[in-house]
1. Exactly one condition in (1) closer than 30 Å to A:R396 by Cα; (2) not in a loop (DSSP other than H, G, I, E, B) is not met by A:A28; state its number.
2. Kindly evaluate A:E77 against the criterion of being more than 14 Å from every other protein chain (Cβ to nearest Cβ), surrounded by fewer than 17 Cβ atoms within 10 Å (Cβ to Cβ) and assigned to a helix (DSSP H, G or I).
3. Scan the range A:110-131 and give yes if some residue there is at positive phi and either within 14 Å of chain B (Cβ to nearest Cβ) or among the charged types (D, E, K, R) (or both), otherwise no.
4. Which one of B:L69, B:L40, B:L26, B:L55 is under 11 Å from the mean Cα position of the chain (by Cα) and over 23 Å from A:T58 (Cβ atoms)?
5. So how many residues does the range A:1-58 have that are more than 30 Å from A:D177 (Cβ to Cβ) and either free of Cβ contacts under 8 Å to residues at least 60 places away in the same chain or among the β-branched types (V, I, T) (or both)?
6. Would you call A:E244 surrounded by fewer than 21 Cβ atoms within 10 Å (Cβ to Cβ) and in a strand (DSSP E or B)?
7. At least 2 residues that are of a type in the set (D, E, K, R) and under 23 Å from A:V262 (Cα atoms) in each: list the helices (runs of 4 or more DSSP H) lying fully within the range A:290-399 that qualify.
8. For A:E300, are the conditions met, namely being within 20 Å of the chain's Cα centre (by Cα), more than 23 Å from A:H372 (Cα to Cα) and of a type outside the set (G, A, S)?
Amino acid sequence: MITGLGSVSALGLNVSSFWDELVAGRPAIKPLVPAVDGVKISVGAVLPDYQPEDYFSTDELSLLDRFSQLAVVASKEAIEDAGLSAGDKAITDAAVIIGSGCGGKHTDEITYERLYRQNSSRVHPLTIPKGMPSAAASMVSLHLGITGPAFVLSSACASGAHAIIQGISMIKSGLVDVALVGATDAPFTYGLLKSWDAIRVVSNDTCRPFSFDRDGMILGEGAGMLLLETEEHAKARGAKIYAELSGCGMTSDAHHITRPNVSGIVKAMGKALEHAALNPGEVDYINAHGTATQANDIAETEAINRLFQGHAQKLAVSSTKSMHGHALGASSALEVVATTLAVHHGIIPPTANFTRADERCNLDYVPNKARHQTINNALSNSFAFGGLNAVVALKRYST
Amino acid sequence: MLNKVAETIAKIAPCNVEDVKSETKLIDLGIDSLKAVSVLFELEEAFDIEIPNELIPSIVTVNDILQNLGDISR
């Protein structure tokens, strides 16, 4: 069961503003200010008005890369939202599993700049503990007093979904009663922007998933965290339950390092349905991977048509990346947060920036305007570079 | 030199510049092993020197820093 949510994204620094903006269909994609010299990427979904000093002391910040900061902020919100606090046994014994596509790149790049550009002979001694990919899990554990299993996993843009699935598995296997899961990424660094420039999949306009005139993804940053627990555990402490994580499907394409593969996507969604004991006709909504690249949106549409057959035309499919951008591994966690709230409130967030239909993308993408509709079952799709696919099934919870 | 060392220590340690006296033990200024490496880094930056690893065990007080800085600078 999902009983707590936390999010930090371009749509706001908490879940309440994240959801309000999603429902309003307001994209947080803006010109990068200041523009980054020597980089073609000129727009992004950057956190609004985030001041690390508002959340952490100077001493704490000396050990917190930006990606760890975001994980801690979102984690604190998730446990508070669940009605728990640091020191509660449920939190002390919980697992922390955090996905990250790129880890502590801010720290790494400051180090490399000193060495390679400034010809400095020494680097800061906290470079390793601050920048290591596992720092996000360590810092959440330290800040919240969590002593259960904790680690970071990485599967590019599916990192958050894989972390959530790992949490479900740990709970179902009886290893833990409570798991704090999600993902964090902070990719607005010079080196990463140059690298995304080079691969030529980023738009300099905006993110228009499934729209005829889409021309690529928009980078974002943030963290999404969810508190998971067994139904018995949640009920015993009188927790509110947002939704049930009813199943999951994971596959790998063994096909191509960047090109999506329809069969792999079909198989991942199919496995999620099977695991959740769902027929295709029982799914009401899919929160799509929907990056707004030509290749992803066509492949994802074809996969939905292939798996859902006639029901594909009755499904609502939307991509919230059109609003919070593609925050790499964190996106998949932010999208599960969005899907949880969609199922809980019975509101489907739209695909923003949609102008006109593409004949190769023939589904109902809920263009530009949120839709009030009961959602009994939903899927959240995440398909990473390298052909790593993860799909999470969510079910409306009724007591 | 004490002033400059005190300012460098106070950047890292949870203390004020005026708390840093010659005879003060670093541990009493809240400098644990992790903060100690940060202090050494800041001292290297501030004085443009290289502090060898073998000197570290002998640094207990602020005065030990001052003496070693004097030796290194010479």
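1. Condition (2) is where A:A28 drops out.
2. no
3. Among the residues of the range A:110-131, at least one is at positive phi and either within 14 Å of chain B (Cβ to nearest Cβ) or among the charged types (D, E, K, R) (or both), which makes the answer yes.
4. Result of the check over B:L69, B:L40, B:L26, B:L55: B:L69.
5. So the answer is 25.
6. Yes: the conditions hold for A:E244.
7. Where helices (runs of 4 or more DSSP H) fall fully within the range A:290-399 and carry at least 2 residues being of a type in the set (D, E, K, R) and under 23 Å from A:V262 (Cα atoms), they are A:294-308.
8. Yes, satisfied.
Only the coordinates and a few stated rules stand behind these numbers; no lab work does. All of these numbers come straight from a predicted model, not from anything done at the bench. Neighbour counts run over all protein chains shown; Cβ positions are idealised from the backbone, glycine included.
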